[in-house]
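Below: the structure, in structure tokens.
The values are calculated or read from the model by the stated rules, or taken from the named source; none is laboratory data. Fair warning: this is a prediction, and the values are worked out from it, not measured in the lab. In this analysis, Cβ positions are derived from the backbone assuming ideal geometry, glycine residues included, and neighbour counts consider all displayed protein chains.
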Amino acid sequence: MNEANVIDGVAFSAKVRAKIADEVAALKRDHGLKPGLAVVLVGEDPASQVYVRNKGEQTLEAGMHSLTLRLPAETTQAALLKVVDDLNKDPTIHGLLVQFPVPDHIDPLVVQAAINPDKDVDGLSPVNIGRLASGQPALAPATPVGCMMLLEDALGDLRGKHAVVIGRSNLVGKPVAQLLLRADCTITIAHSRTRDLPAVARLGDILVAAVGRPEMVRGDWIKPGAAVIDVGINRVPSRRPKAAAEGKTILVGDVHFEEAKAVAGWITPVPKGVGPMTVACLLQNTLTAAKRQAGLAD
Ligand code: NDP
């Protein structure tokens with residue numbers, strides 16, 4: 001039996017970032033416009049520190065202006081909203097995000113709603129959610145945009161395909177379903193209350209797993225030849241008993257990769273699949289936001 005094509009998210013995201021860098025250079029040359037991305041981190045969550053550093057580095061590599069603001073964990077919500085308001089008004093900043101999670105005393109929904117929707121490169125403000133759902137030009141969350149780029153690159157035209165999305169979070173499941181709907185797919189959204197999930201998953205010409213449960217999707221959940229996009233990032237003990245005993249861990253997705261590879265037509269691995277696309281698509285959103293703010297794009 002043929003094995004699935006394994007989608008290389010590292011190589012593809014490098015191509016996307018190179019294309020963005022070319023566009024940024026042309027914007028500077030032709031319009032004197034340098035796109036700027038501001039990232040605000042409240043507190044010292046170790047994973048967030050890594051993500052924020054990574055975003056800053058890749059923003060600079062793309063030739064954009066990068067601003068990282070690190071605020072102490074005790075920053076009040078009012079003080080954070082003031083920082084957001086200043087960045088909303090800053091003409092050198094075209095994209096702005098607050099890294100989540102924020103400390104418990106800050107309401108993420110209030111913060112998301114305070115970001116100027118035209119600068120909301122995480123696509124989490126209610127205005128962008130509404131724009132996406134109603135088919136208007138929107139900024140959509142980066143990971144779902146990355147899933148779409150990988151699918152379009154692998155399959156070409158997505159029209160008429162049945163896409164099953166497992167997961168309905170505001171960050172991944174719902175926006176990826178909206179983007180697939182925009183691409184004229186027929187959509188099924190599954191979640192923790194879905195009955196007979198394996199049978200529902202098997203309907204998908206496209207199967208997107210965004211659950212956060214290690215290797216939940218088994219080979220016999222997959223329609224032969226389907227394109228499987230595994231968004232999940234789960235840390236589990238190493239497979240090697242000695243390494244596991246030493247506390248070593250590995251990353252796995254929501255899909256059982258080896259089983260799925262034997263059935264699917266295309267599959268993203270974890271790591272090195274969807275993950276690297278996320279920052280690339282954040283930069284893409286920043287570029288789009290800068291062009292729209294300068295009247296250079298719809
Ligand atoms: P959430 O926890 O917000 O959402 C998980 C979704 O999965 C929920 O809708 C939940 O259903 C559903 N679910 C949970 N258990 C089951 C089950 N047994 N059967 C069916 N559905 C289930 O997670 P996120 O959407 O934020 O993230 C999902 C995964 O993607 C995580 O592993 C996360 O780390 C990863 N991720 C990866 C990114 C990347 O860059 N590659 C970026 C963002 C996330 P219900 O709504 O009913 O509770």
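Would a scan of region 202-210 turn up a residue that is touching a strand residue (DSSP E or B) at 6+ places or on another chain (Cβ under 7 Å), under 27 Å from GLN58 (Cβ atoms) and either of a type in the set (Gly, Ala, Ser) or near the ligand (Cβ under 9 Å from one of its atoms) (or both)? Yes; the residues of region 202-210 include at least one that is touching a strand residue (DSSP E or B) at 6+ places or on another chain (Cβ under 7 Å), under 27 Å from GLN58 (Cβ atoms) and either of a type in the set (Gly, Ala, Ser) or near the ligand (Cβ under 9 Å from one of its atoms) (or both).
Candidates in region 200-259 are the residues that are under 17 Å from the mean Cα position of the chain (by Cα) and assigned to a loop (DSSP other than H, G, I, E, B); of these, the one that is nearest to GLY146 (Cα to Cα) is VAL231.
Would region 166-189 turn up any residue that is more than 16 Å from the ligand (Cβ to nearest atom), under 20 Å from ILE206 (Cα atoms) and touching a residue at least 40 places away in the same chain (Cβ under 8 Å)? Checked region 166-189: at least one residue is more than 16 Å from the ligand (Cβ to nearest atom), under 20 Å from ILE206 (Cα atoms) and touching a residue at least 40 places away in the same chain (Cβ under 8 Å).
Going through (1) part of a helix (DSSP H, G or I); (2) farther than 23 Å from PRO117 by Cβ one by one, ALA264 falls short only on (1).
Please verify whether ASN234 is surrounded by fewer than 18 Cβ atoms within 10 Å (Cβ to Cβ), modelled with pLDDT of 95 or more and not small (Gly, Ala, Ser), treating the condition exactly as stated. Yes; evaluated as a whole, the condition is true for this residue. Pairs meeting the criteria (first residue in region 190-218 and at negative phi, second residue near the ligand (Cβ under 9 Å from one of its atoms) and of a type in the set (Lys, Arg), beta carbons under 6 Å, at least 6 apart or on different chains) are HIS191/ARG168. The single condition among (1) touching a Lys or Arg at 6+ places or on another chain (Cβ under 7 Å); (2) touching a residue at least 60 places away in the same chain (Cβ under 8 Å) that LEU96 does not satisfy is (2). Here SER192 fulfils each of the conditions (1) more than 15 Å from the ligand (Cβ to nearest atom); (2) exposed (fewer than 15 other Cβ atoms within 10 Å of the Cβ) apart from (1).
Answer yes if at least one residue in region 58-71 is touching a residue at least 12 places away in the same chain (Cβ under 8 Å), out of contact with any strand residue (DSSP E or B) (no Cβ under 6 Å at 6 or more places or on another chain) and exposed (fewer than 14 other Cβ atoms within 10 Å of the Cβ), and no otherwise. For region 58-71, residues touching a residue at least 12 places away in the same chain (Cβ under 8 Å), out of contact with any strand residue (DSSP E or B) (no Cβ under 6 Å at 6 or more places or on another chain) and exposed (fewer than 14 other Cβ atoms within 10 Å of the Cβ): absent.
Conditions tested, residue by residue: (1) touching a strand residue (DSSP E or B) at 6+ places or on another chain (Cβ under 7 Å); (2) modelled with pLDDT of 95 or more; (3) more than 14 Å from the ligand (Cβ to nearest atom).
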position	(1), (2), (3)
ARG240	no, yes, yes
LEU251	yes, yes, no
GLY275	no, yes, no
THR288	no, yes, yes
LYS291	no, yes, yes
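Would you confirm, using the coordinates I've provided, whether ALA140 is part of a loop (DSSP other than H, G, I, E, B), within 16 Å of the ligand (Cβ to nearest atom), of a type in the set (A, V, I, L, M) and closer than 30 Å to ASP298 by Cα? Answer is yes for this residue.
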